[in-house]
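The values are calculated or read from the model by the stated rules, or taken from the named source; none is laboratory data. Not measured: the values here are computed from a predicted model. Here the Cβ positions follow ideal geometry from the backbone for every residue, glycine too, while neighbour counts run over all protein chains shown. Side chains included, ligands, DNA and RNA excluded: accessible areas come from the protein's heavy atoms. Shrake-Rupley method; radii C 1.70, N 1.55, O 1.52, S 1.80 Å.
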Amino acid sequence: MTIRVVLADDQPLVRAALRMVITDTPDVEVAGEAGDGAEAVRLTAELAPDVVVMDIRMPGMDGIEATRLITTGPGATRVVVLTTFDDDDYVYGTLRAGASGFLVKDMALDDILAAVRVVAAGDALIAPGVTRRLIKEFAARPAATPPRRAELGGITDREREVLTLVGSGLSNAEIAERLCISVATAKTYLTRLLAKLDARDRVQLVILAYEAGLVAPSGSSSHTSRPGGVPVALADDVPTVTEVEQGDPR
């Protein structure tokens with residue numbers, strides 16, 4: 001199945017770099033391009049793409065508001081935010097708005113393409129550096145009070161354990177190993193948590209785990225990438241969006 005993507009960025013060079021990579025990829029195609037948030041929302045309603053690759057800072061409606069409108073709409077379109085390191089303050093707001101991933105433009109183009117596939121398949125991810133910043137954001141907040149069961153939608157003790165491990169960045173396989181259950185059973189618990197907590201994907205479960213006080217923030221966290229986990233690996237041997245933007249000849 002071909003993954004249909006809308007590129008939303010006010011910089012034509014960024015859209016051109018992404019379009020160039022996607023054009024050479026048989027399972028992904030560009031369904032449309034938008035130069036601002038309002039146009040991204042309109043194109044999503046019109047074209048019903050699988051994924052929108054969204055910048056944050058755009059004229060008029062920004063990427064956070066556009067993400068909120070797209071993810072709360074009637075369609076199944078998912079949003080991957082792609083922005084610069086300078087946008088750290090927007091990480092939490094973007095994920096709360098419903099984005100399934102937060103990537104940075106210093107990522108390799110091939111990694112961004114891989115992220116589109118992951119999100120289109122129903123998973124979610126955050127670039128490792130952004131994960132550290134997200135944890136730092138939680139660490140700077142007052143200590144959370146012990147969560148009440150009612151706040152977690154009546155989940156079972158076992159589901160609470162799984163949610164805690166998801167919040168810690170463990171993959172399905174790692175959760176299964178930690179709890180001595182099968183990977184299939186771990187996935188079943190994850191599906192139940194998504195339904196009970198009305199979460200869109202794994203990223204929102206991570207946020208809920210932190211907000212509920214199930215996971216203690218730690219500045220020393222540095223998970224590596226694994227299928228089904230939150231962080232995603234970075235490659236350093238191919239051009240990044242930022243380098244294309246700056247005319248890097250590599």
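Overview of results
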| read-out | value |
| --- | --- |
| Scope the range 212-238; condition farther than 22 Å from residue 111 by Cα and either open to solvent by less than 40 Å² (accessible area, probe 1.4 Å) or at pLDDT 80 or above (or both); matching residues | 212, 213, 214, 215 |
| Some residue of the range 14-28 being surrounded by 22 or more Cβ atoms within 10 Å (Cβ to Cβ) and in contact with a Pro (Cβ under 9 Å, 6 or more places away or on another chain) | yes |
| Qualifying residues in the range 167-193 (those that are closer than 18 Å to residue 122 by Cα and part of a loop (DSSP other than H, G, I, E, B)) - the one nearest to the chain's Cα centre (by Cα) | 169 |
| Meets criteria (touching a helix residue (DSSP H, G or I) at 6+ places or on another chain (Cβ under 8 Å), at pLDDT below 75, more than 20 Å from residue 126 (Cα to Cα) and open to solvent by 20 Å² or more (accessible area, probe 1.4 Å)) for residue 244 | yes |
| Residue ranges of helices (runs of 4 or more DSSP H) in the range 76-155 with at least 1 members more than 11 Å from the chain's Cα centre (by Cα), modelled with pLDDT of 80 or more and surrounded by fewer than 19 Cβ atoms within 10 Å (Cβ to Cβ) | 109-120 |
| Test: residue in the range 57-67 that is touching a residue at least 60 places away in the same chain (Cβ under 8 Å) and out of contact with any Gly (no Cβ under 7 Å at 6 or more places or on another chain) | no |
